[in-house]
Amino acid sequence: MGAGIVVAGASMGGLRAAEQLRAAGWTGRITVVGDEPHMPYNRPPLSKEVLAGRAPFASLAFTPKASAADVEWRLGARIVASRLAERNVSLDDGSVLPYDGLVVATGMRPRRLGCPGPLTGRHTVRTIDDAQGLRDELTRPGARVVVVGAGFIGCEVAATAVALGVAEVTVVDPLPLPMVGPLGELLGRALLKRHEERGVRFALGTGVAGFAGEDRVTGVVLSDGTVLEADVVVESVGSVANTEWLDGNGLDLSDGVLTDGLLRVGGRPEVVAVGDVARFPNARYDGVPRRVEHWSIPADTAKHAARTLVGTEQAPFAPLPTFWSDQHEFRLQSFGAPALGKDDVRILSGDPEGDVLVGYHTGGRLVGVVALGGHAAATGAARYRAQLLKQPALTA
Amino acid sequence: MKVVVDMNKCQDHGQCVFAAPDVFSMDEDGRLLYVPDPDDALRDEVEEAADLCPLQAIRIED
Ligand SMILES: Cc1cc2nc3c(=O)[nH]c(=O)nc-3n(C[C@H](O)[C@H](O)[C@H](O)COP(=O)(O)OP(=O)(O)OC[C@H]3O[C@@H](n4cnc5c(N)ncnc54)[C@H](O)[C@@H]3O)c2cc1C
Ligand code: SF4
């Protein structure tokens, strides 16, 4: 048997890649290397059910398909370097793993704030250990919480903290509205109102200058000098791609790993990228390569990348991005690419006070829909999904 | 083929309905309905649905 295929990263992207390689007909060896000690598990519940104490770890684990039963898992092992020209990677235990094919699935890690102050009491949420550690602190009586970053994860954590009974939860962001980057002003305003009504406080339009405290954080110093007292700080200020191990191969690693429309890396037919870390052009839109940190992407990219690796001919990658976010008792459900149509936002049905369905357009054409509210709103969005799927490419 | 959805986990995302409309559907209130013993010919669809379920609530028991 040859060296086989090495999958770098043992999370959803890595698992789906292994399964899809089998589905695409690859019968050779598959080795998945991951630095977390766990088998792949589902991350979205970390900021929701796990933090709320409603989902034990066992409920998060993915169940690998029977076809992937003979995959070798090297867990707790970190890839530290790679030589694509020689087709091998090096692990932190000093071993070198040769490959015939390589899947890059190393995902992202939370960005940290570089400003001065103590580290203890400051949290991020990416792994199960992160979520459990944060939960322990949130459930201490009287904890005051500051969340830095009003994106999806920050807003989910703030909502969960309020539901846990935390009396003081404040979200800080330099932008004027929550989630305004991906969703635009209309929904940003609607979300702000809903969060405020449920007890979340906001300090918007201001950055963080530093953290107060000696050994442990006691407050967050805002850019204008105000100090928000805090026992627990959550930093949800975006993510950084885990691509250092690919340095030195002449690749474009400026934001994740750049791929072509077949998800190949560096023009090499034997190297592909999947999941959060892949910066791919989407033939459905303008063809500009972007990373997409949605849960639907690991499965979509894995299917396409596996076929590329085994050499099955196929069309360029053109997924319909899909994501959801649960905050308090309402859900956001998105189909398509709302961020591309933020300058022409129209209410398709409902109103921002209740269930609302919002359409995002570019050049007069619908490119994304987002529902906010209960089941009715999400069902409405699903109806537009078929329309989005049928549209020709934006460039066509 | 036997399909089981853990209704304690399911949060009515409806992703399964897109993947396997012959097996999964939503009622008027947006609650999940499904066929527990679909034809084996639908296996690919159902596997796709199981992959796409955000709560990983769908189990296929041969
Ligand atoms: C808290 C949270 C909530 C989320 N909620 C939602 C949601 O509600 N809706 C939604 O659509 N999406 C959500 N997402 C996004 C979704 O979970 C991600 O898009 C998905 O997890 C990406 O999977 P991945 O396999 O590409 O990357 P990851 O899950 O990041 O996996 C990469 C793996 O590779 C490992 N690794 C990294 N470097 C190395 C190395 N050098 N050697 C070995 N292993 C390495 C990492 O430790 C990790 O295990 C959420 C994400 C988080 C963190
Ligand atoms: S995709 Fe999963 S959570 Fe959604 S309706 Fe189907 S089974 Fe339920």
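Secondary-structure-derived ellipticity at 222 nm for chain A, considering helices only, amounts to -6500 deg cm²/dmol, per-run term -39500 (n - 2.57) for DSSP H runs with n ≥ 4. Short-range pairs are left out: with C-alpha atoms under 8 Å and at least six residues apart, the relative contact order of chain A is 15 percent. Which one, A:G287, A:W26, A:C115, is farthest towards the positive end of the dipole of the protein assembly as shown when Lys and Arg carry +1 and Asp and Glu -1 on their Cβ? Going by the Cα projections, it comes out as A:G287. Where only DSSP H runs of four or more residues are counted, chain B gives -6500 deg cm²/dmol as its mean residue ellipticity at 222 nm, each run worth -39500 (n - 2.57). With respect to chain A, whose longest principal axis is taken over its alpha-carbon atoms, helix A:375-390 is tilted by about 40°. Neighbour counting of Cβ atoms within 10 Å sorts the residues A:E168, A:E156, A:E313, fewest neighbours leading, into A:E313, A:E168, A:E156. Over the alpha-carbon set of segment A:329-390, divide Rg by the Kirkwood Rh and report the Rg/Rh ratio to two decimals. Here Rg/Rh amounts to 0.95.
Footprinting exposure proxy ranking of A:E244, A:E235, fewest other C-beta atoms within 10 angstrom first, gives A:E244, A:E235. Of the beta bridges in the protein assembly as shown, as assigned by DSSP with both residues counted there, near 60 percent are antiparallel. Taking the longest Cα principal axis of chain A as reference, the axis of helix A:185-197 is set at about 60 degrees.
For chain A, the longest principal axis of the Cα atoms and the long axis of helix A:128-138 meet at an angle of about 10 degrees. Each Cα pair of the protein assembly as shown feeds into the Kirkwood radius, which the Stokes-Einstein equation turns, at 25 °C and 0.890 mPa s, into a diffusion coefficient of 106 µm²/s. Exposure proxy ranking for A:M179, B:M26, based on other Cβ atoms within 10 angstrom of each Cβ and starting from the fewest, stands as B:M26, A:M179.
Say the cut-off is 30 Å between C-alpha atoms; which of A:K303/B:K9; A:K342/B:K9; A:K65/A:K342; A:K193/A:K390 go over it? Result: A:K342/B:K9; A:K65/A:K342; A:K193/A:K390 exceed 30 Å.
Every number here is computed from the coordinates shown, using simple stated rules; none is lab data. None of these values were measured; they are calculated from a predicted model. Every residue, glycine among them, receives a Cβ derived from its backbone with ideal geometry; neighbour counts consider all protein chains shown.
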